[in-house]
Amino acid sequence: MRRYNRGGKEILGLALVHDHHSHPSLYASFEGLPSLSGLSKPEAVALLGGLPRDRLSVVVGWRTDRFGLGREDLLSLPPVLVINASLHGFAASGDAWRFLAEAWPELAEASGTPAWSERHLPELFGFYESLAGRDPAKLGAFMARMEAMGIGSLDDMTVSCDESFDLIASSPYAGRIRGWASLAAYRRLSPASRARCEGIKIFLDGSLGARSAALDAPFSDGESGSLLYGDGELEGILAEIASYGERLSAHAIGHLAVEQALGRLESLRGDGVELSSPRLEHVQFINLGQARRCKDLGIVLSMQPNFNYDSIDYSDRLSPRHRGENDPFRMLVDEAGFVPGEDLVFGSDGMPHGPAAALTQSLFPAFESQRLSAEELEAGYGPAIGAVVGEAIYEVSREERRVTVVEASRRT
């Protein structure tokens, strides 16, 4: 890292980094789709109302903390599927269901119920991709945007099928995107795709955006998240992953999901079943005792410093206690002994991408317990992989409490 002043402004120079948690296949398919990001509800409804009425449209960027889309809002709209920005949950207009029923009958039969959607989230990601379209040009446009933000390579946490693995493998970004697959997708993969697979990703709970993360108490509006599997079912899943010799990545946001992961891994270890270098994703709500058990099990924590801002964004649903417990980085580093870049790695989940957002939330966090130094952040991301090198320049404004990317360049 380089630190210097330029024209009286505080500047950081970081090598292009590796994002340990994103969804390049999915986000690349979203390139060019209509987005509700930044729109008010009247603007969003106007955009949705102007979509074609003779075909299904896919729209992204809906934030439930900004506005809801209820039955009355959706009733008169053209056929449209609106994907939650958290990627957990969606809304569909009445006319959309006839298209969805034809494309995926099981989805229509479930009517998009939250519990069904959470258990089938990886399949939904693949379905979204198929609707939006997989395309080399889209992948190229996505990767160009990543480079402009300072990201040189990424882990793709939900590569859904052979076609997606083939698209990555045949692209100029083959060495710069590491693909993970859901267990259901892995079972269907060809030997060639399995050989390219980094490991198997599972979900243990939902998200804060959809109010489905398994916290240790209900959300402030009374809703409760839940675990997606019973303990016995989860042990069977973990044992199957171990039998393939693949690495495990487990999405676990809430306290209860973290506890379930630890309990089942400890139980399997007692039975002589080990998973090599398991990863827990997000772990936004974890206590010191759980963190020390993670160390004992050799678990890597894959976290998103940009999610510090969930303490502010989701103040409509998180209690004051939960807002303060979110992303306890100082506890993990100073008390539990996690080392950024070794057993504590960073990504973005694309919400948003780029070290600028992560630096902003690390240097100017909502709570001091979330603070990370720029050096810790850089180490946690680590350098880009796949023979890509370069540097991104960031400007730090302490008055405005934010970091912005000024420029980025690379060479291979």
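Values quoted throughout were computed directly from the atomic coordinates according to the rules given, and no laboratory measurement underlies them. Bear in mind that the values here come from a model prediction, so they are computed numbers and not experimental data. Positions of Cβ are backbone-derived with ideal geometry, glycine not excepted, and every protein chain shown enters the neighbour counts.
Within the chain, the proportion of C-alpha pairs whose separation exceeds 28 Å stands at 48%. Kindly provide log₁₀ I(q)/I(0) values, in the same order as q = 0.19, 0.22 Å⁻¹, from the Debye equation applied to equal alpha-carbon scatterers of the range 212-256. Values returned for q = 0.19, 0.22 Å⁻¹ are -0.67, -0.79. Between Lys9 and Ser190, the distance separating the two model label sites (each 7 Å from Cα on the Cα→Cβ line) works out to 4.8 nm.
For the range 17-83, trypsin sites (Lys or Arg not before Pro) meeting the loop criterion (DSSP other than H, G, I, E, B) and having at most 14 other Cβ atoms within 10 Å: Arg53, Arg55. Per-residue 3J(HN,Hα) values for the range 335-341, derived from phi via the Karplus relation 6.51 cos²θ - 1.76 cosθ + 1.60 with θ = phi - 60°, read 10, 8, x, 6, 10, x, x Hz in sequence order (x marks Gly and Pro).
Might you report the magnitude of the Cβ-based charge dipole of the range 13-164 about its Cα centre, with Lys and Arg at +1 and Asp and Glu at -1, to the nearest 20 debye? Walk me through the numbers before you get to the answer.
Numbers: 11 positive and 20 negative charges, 98 e Å.
It works out to roughly 460 debye.
Highest mobility in the GNM of the chain, judged by mean-square fluctuation with C-alpha springs under 10 Å and restricted to Asp296, Asp19, Asp65, is found for Asp296. Helical runs assigned H by DSSP (4 residues or longer) give the chain a calculated mean residue ellipticity at 222 nm of -10000 deg cm²/dmol, each run adding -39500 (n - 2.57) before division by the residue total. Ordered by the number of other Cβ atoms lying within 10 Å of each residue's own Cβ, fewest first, Cys197, Cys294 fall into the sequence Cys197, Cys294.
At most 14 other Cβ atoms within 10 Å and a DSSP loop assignment: could you name the GluC sites (Glu not before Pro) in the range 251-280 that fit? Display every interim value, and only then the final one.
On the way: sites: Glu259, Glu266, Glu274; in loops: Glu274.
Within the range 251-280, the qualifying GluC sites (Glu not before Pro) (loop, at most 14 other Cβ atoms within 10 Å) are Glu274.
Put simply, the amide H of Asp156, placed in the peptide plane, has neighbours under 5 Å in Arg178, Gly179, Trp180, leaving out anything fewer than 5 places away on its chain. Dipole orientation for the range 1-90: of the candidates Asn84, Tyr4, Tyr27, Tyr4 has the Cα lying most toward the positive pole (charges on Cβ; Lys, Arg +1; Asp, Glu -1).
Give the cross-link partners of Lys41 among the aspartates and glutamates, using a straight C-alpha distance below 16 Å as the criterion and excluding same-chain residues fewer than 8 apart. Excluding near neighbours in sequence, the set is Asp65, Glu72, Asp73. Could you tell me the center-to-center distance, by alpha carbons, between the range 14-65 and the range 263-326 in angstrom? Result: 28 Å between the Cα centres. Rounded to the nearest 20, the size of the Cβ-charge dipole of the chain about its Cα centre is 860 debye, with Lys and Arg at +1 and Asp and Glu at -1. Bridging of Lys201 to lysines at a Cα separation below 21 Å is possible for Lys295, once same-chain residues fewer than 8 apart are set aside. The charge dipole of the range 205-344, taken about the Cα centre with unit charges on the Cβ atoms of Lys, Arg (+1) and Asp, Glu (-1), comes to about 240 debye, rounded to the nearest 20.
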